[in-house]
Amino acid sequence: MENSPTTLGSKGLINKHEFLRVIIQCLYSLGYKKSASCLEIESGVRYKSIEFDLLESQILSGDWDDCIDTLNKIKDVKDDTRSSVLFLVFKQCFLEYLNRGDDSLALSFLQKRVPTLHMSNETVRKLAYNILALKEMELGKLDEDVISELRKRLVMELEKQLPPPIVLPERRLEHLVETSVTAQIDSCIYHNSKDAVLLYEDHCCGRDQIPTETVQILTEHSNEVWFIQFSNNGEYLASSSSDCTAIIWKVMDNDKLTMKHVLRSHQNPVSFVAWSPDDTKLLTCGNLEVLKLWDVETGTCKHTFGDHGFTVSSCAWFPDSKRIVCGSSDPEKGICMWDCDGNEIKAWRGMRMPKVLDLAVTSDGENLISIFSDREIRILNLRTNAEQEIFEEHSITSLSVSIDSKFYIVNLNSQEIHLRDVAGKWAKPFKYTGHKQNKYVIRSCFGGINSMFIASGSENTQVYIWNRQSSTPIEVLSGHSMTVNSVSWNPKRPLMLASASDDHTIRIWGPSQSNKIQPAETST
C-alpha cells in the first residue's frame, strides 16, 4: 500500500510492522492458521523473520554446516546466547552422525568447527560429555520420523532462546495486553474485585468498591473495645474489651453480625484475641494476665496457659492449629511455644531477652516476627534459625502481617505506619501518614483483594484507609466518638471492614449505597 503510515496510535509510538507481526503470531498461537496466513499475504508482513525462516529450513533438512554459518552471521546476538544455541545444534548434529555410525565424521566436525566458534572451555567440555553419553547409549537406528521430531523440537528450542527481532517472545500480544491491564489495575486506587477486567474500556473503579459507610453498630460491650479480628474464613468476628470479656460474633449471609458467645473468664481487661487457622479455636489475652483457649462452637474455655504471674502481651498460632506462641512483657518469661494442652514445646527466654510487645507467625509458618522493647523488630526464620534485626527511630505499638506472608506493617507513635518485606530485601520501609497516634496503642491491618489496602484506627475518632501504593489516605471514615483502637478487614468479604473504639462500640463498614439507610444498633 502506497503512502501507508509506518506508525500507529495517536502518539505515533507503535511500529506498524511490529504490530502486525505480533497480531499474526497471536492468530497462529490461537489456532487461526488460515486467518494468520491471509494477513501475512495481505500485509506483506511475515510472522517469522527471514533469518529464522532460513534457520528452520536448514535444521529440518539437516543442513548443519549452513545452519551454523547462518547462526554466526546473525547480528546483535550475545555471545552466551550464540554459544547456547550452537551447543544445541551441535548436539543434534552429533546425534544424527552417531545414529548413522559416522563416528569419524562426527569427530572431524568437532575438530573443524568448535575451535572457530570461540566457545568457552566449559561449553566444550559439556559438549564432549554429551557426545560420550550419546555414544554410550548405543542409539542404534533411529527412524526418520524420530529424527524429524527431534529437529522440530530443536527449532522450538531455538525459537525460545534467540532474541527479538529474530524471533518474537512467546504470546507477545497477550503479554502486552496483560501488562496494560495490570498497569490499569495498579493505578486504580479503589480496585477491590476479582471480577475480570473488560478490554472494551479503560479500567477505573469507584469508591463503592471499598467499605466507606457504617452499615451496623455493635453495642454489646460495656466498656472500651480494644481489639477486633475477623476469622480466617470470614464467618466470625472476635472482639475484646476492657469490660473483661471477649465476644464472638457470627457474620450472617446478609452481611449482618449477630452475637454468638460472650466469653467470661478473665479477671482483667482482654487486650488481644487470635483465631486458629482452622477457626475452631480462639485465644484471648488478659491484660497483665493469663492466656485462655476457647472452643468457638461451644464458647467454653478449654485451657488456661501459665499462671497469674505470667503476663501475656501477644499470641499467635502456627499453621497446623495445634501449636501457639505467646510473648510476655516480663523479660524472664520471654517467648513460649505450647501445644493446645499447655505442654511447653520450646521457649526463648533469659537475661538478655527484652520484653515482648507484640508478635506474629507468618501464615506459611516460616517466620516468627517479634516486637521488642518499643523499637526493635526481630524476624526469626524457624526453619534455618536465621535472624533479621530492624530498628525503628520511634516506639512501635503494634504489628500486622499480610495473608501471603510477604509483608508486615508496624504502627509507630510518630504518627506513621511502616510497610516492610518479610524477606528483608527492601532498604527502607514504605511509609503511610495522615492518622493521629501519640499516646495509645493503635492497630492497623491489611485488607481487600491481594491485601492491596491498609486500614488503621486513630486517636482522632476516625478510621483511615490507604491504597498500599500511596502514602496518603484515600478515605477517612467518620462515625466513632472516641479513639479507634483497632480495625479488621474481612479476608473473605473484601467490602466489609470492622473498627473498635473507646466509645464502647464496634462499627461495621460497607460500600457506599445510593439510598442511604440509617445503620442499625445491635445490642443482642
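The values are calculated or read from the model by the stated rules, or taken from the named source; none is laboratory data. If you're wondering where the values come from, they're calculated on a predicted model, not measured in any experiment. Positions of Cβ are generated from backbone atoms using ideal geometry, with glycine treated the same way; all protein chains shown enter the neighbour counts. In case anyone asks, the SASA skips ligands and DNA or RNA and just uses the protein heavy atoms, side chains included. Shrake-Rupley method; radii C 1.70, N 1.55, O 1.52, S 1.80 Å.
Numbers below:
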{"quantity": "Kirkwood Rh in Å, taken over all unlike Cα pairs in the range 259-326", "calculated": "12.0 Å"}
{"quantity": "Per residue solvent-accessible surface (Å²) - the chain, probe of 1.4 Å", "calculated": "51 Å²"}
{"quantity": "Furthest towards positive pole of dipole, Ser456, Ser395, Gly510, structure part the range 381-524, Cβ charges", "calculated": "Gly510"}
{"quantity": "Sequence-distant lysines (8 or more away, or on other chains) whose Cα lies within less than 22 Å of Lys333", "calculated": "Lys292, Lys322, Lys346, Lys355"}
{"quantity": "Loop GluC sites (Glu not before Pro), the range 144-219 (other Cβ atoms within 10 Å of the site Cβ: 14 or fewer; DSSP)", "calculated": "Glu170, Glu201"}
{"quantity": "Cross-link partners of Lys406 among aspartates and glutamates (Cα-Cα below 12 Å; sequence separation of 8 or more within a chain)", "calculated": "Asp364, Glu366, Asp421"}
{"quantity": "Isotropically averaged projected area of the range 285-410, using the convex hull of Cα atoms (one quarter of hull area), nm²", "calculated": "8.1 nm²"}
{"quantity": "Charge dipole (the range 199-265, unit charges on Cβ, about Cα centre) - positive-most of Leu263, Ile217, Gly234", "calculated": "Leu263"}
{"quantity": "Unit charges on C-beta of K, R, D, E only; dipole of the chain, Debye", "calculated": "480 debye"}
{"quantity": "Peptides ranked, highest mean first, by Cβ atoms within 10 Å: ranges 18-28, 417-427, 332-342", "calculated": "18-28, 332-342, 417-427"}
{"quantity": "Positive-end residue of Tyr47, Leu71, Leu60, charge dipole of the range 28-101 with Cβ unit charges", "calculated": "Tyr47"}
{"quantity": "Over the range 393-469: Kirkwood hydrodynamic radius from C-alpha pairwise inverse distances, Å", "calculated": "12.5 Å"}
{"quantity": "Solvent-accessible area, 1.4 Å probe, carbon plus sulfur percent, for the range 152-274", "calculated": "49 percent"}
{"quantity": "Partner lysines for Lys33 [C-alpha distance under 24 Å; skip if fewer than 8 residues away on the same chain]", "calculated": "Lys16, Lys48, Lys152, Lys160"}
{"quantity": "Intensity falloff of the range 51-110 expressed as log10 I(q)/I(0), Debye formula with alpha-carbon point scatterers, at q = 0.27 Å⁻¹", "calculated": "-1.17"}
{"quantity": "With every protein chain in place, the range 47-92: carbon and sulfur % of accessible area (1.4 Å)", "calculated": "48 percent"}
{"quantity": "Cα-based radius of gyration of the chain once divided by 2.2 N^0.38 Å, which approximates compact folds", "calculated": "1.35"}
{"quantity": "Cβ charges +1 (Lys, Arg) and -1 (Asp, Glu), total dipole of the range 303-420, debye", "calculated": "160 debye"}
{"quantity": "Ellipticity estimate at 222 nm from DSSP helix runs (n ≥ 4, -39,500 (n - 2.57)) divided over the chain, nearest 500", "calculated": "-8000 deg cm²/dmol"}
{"quantity": "Dimensions in Å of the range 214-366 - Rg and Dmax from alpha carbons", "calculated": "15.3, 53"}
